[in-house]
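Every number in this text was worked out from the coordinates using simple rules, so none of it is lab data. What you are looking at is a predicted structure, and each value in this text was computed from that prediction instead of being measured. Note: ideal-geometry Cβ built from the backbone for every residue, glycine included; neighbour counts use all protein chains shown.
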Amino acid sequence: MKEKQFKSGFVAIVGRPNVGKSTLLNRIIGQKIAIMSDKAQTTRNKIQGVYTDKESQIIFMDTPGIHKPKHALGEFMIDAAYSALKEVEVVLFLVNASEPIGRGDKYIIERLKQVKAPVYLLINKIDLVHPDALLDIIDTYKSEMDFAQIIPISALQGNNVPEMIEILKNHLPEGPQYYPADQVTDHPEYFVVAEFIREKVLQLTKEEIPHSVAVVVDQMQRNEQGKIHVYATIIVERSSQKGIIIGKGGRLLKEIGTRARRDIEALLNDKIYLELWVKVQKDWRDKQSYLNDYGYKQKDYK
C-alpha cells in the first residue's frame, strides 16, 4: 500500500476590513496569534499562522483589510495585502454574510480575477443570518466571479472551519514541512507581544487614537528570579493622545498593561512583568523611516 504523501502550501486570507480574518486565523491555529477588535484596519502586517497535522502543513497569511489608503502606513498595508496573493496555492476571500455586497467587495473581486491561484469564497458570520438567506448571498457573489469553492462558515463559532481545512488539504501539492510541528507563527515573540499591547489600546480608546498608535517592544529579558521583564513603548502622533492613553492618574495605561499581560503570559506560558511608556512621534504614519523603525516593512514569505 502506497504511503500517503505529506502536503504543504501557502494560503492567503483577504477581504475588507473587519470581516473576521483574524478571528478565522486564530480559530484555525487553535490559539490567539492575531489581534482582534471591532475597529477597521486592526491588522497592519501580514500575520503568518502555521497549521500542522500528521498529513499536512498549511501556512496561512492574514492580511490587512483592503481599503483606500490615506497615508504611507495605509499604502504599506495595501501593499502587504496584495503581495500575499502573488505566490500562494489558494486565496481565501472572506466576506460578511450579514452585510450586502458593497463597492469594497467588488473592488477586491476585480483584483482577484487577476490572481493565478484558485480563489475560495468564504461567507463568514453565517450565525448572524437565517439559513434561507444563504442561497441568495451565494448567488449574488457567483454572479460577480467564478469561485473555485464557496464555503459558508462562522469563524467565531467554528462552523464548517474543519471542513474548509480538509478541502484545502485536498488541493495542496506534495511538499515539505516548512516549520516545526509545534510552531504556530513565523513572527518573533517581540512582534506578537507588541500586537497584544496594541490590541488593548484599540479596545480601550475611541475615535482617532486607534489608528495613530504603534507599539515597539524595546526589551524582553529574564531576571535572576526567573520572571520575564517586558519593556515596551506606545507611540502616538500628538501630546493630547499621550494624555488620553495614560489616563487620569495613569489608570488607562495601567489597565492596558493589565489586560496585555494576561495574553502575553498565555503566549509565553510564563509570568511576566510589563512596563509601558508612551512617546509622541509627530506624523509617524507618513514617514518611511518611522514605519521601518516600528516594524512596518515588506517581507517576502516565499
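Details
- Karplus 3J(HN,Hα) series, Hz, for the stretch 20-30 with 6.51 cos²θ - 1.76 cosθ + 1.60 (x for Gly, Pro): x, 5, 5, 4, 5, 4, 4, 5, 5, 6, x
- Measuring between alpha carbons in the structure, the pairs from LYS125/LYS200; LYS21/LYS271; LYS200/LYS248; LYS21/LYS282 lying more than 26 angstrom apart are LYS21/LYS271; LYS21/LYS282.
- Extension gain, TRP277 back to LYS206 (0.36 nm per residue minus Cα-Cα distance, nm): 23.6 nm
- Low-density loop positions, GluC sites (Glu not before Pro), the stretch 216-265 - DSSP coil, at most 13 other Cβ in 10 Å: GLU224
- Put a dot 7 Å past the Cα of LEU128, heading toward its Cβ, do the same for TYR190, and the two dots end up 3.7 nm apart.
- Amide H partners (placed H, <5 Å) of GLN57, local residues excluded: LYS7, SER8, GLY9
- ASN223-ASP53 FRET efficiency (beta carbon distance; Förster radius 45 Å; 0.05 resolution): 0.75
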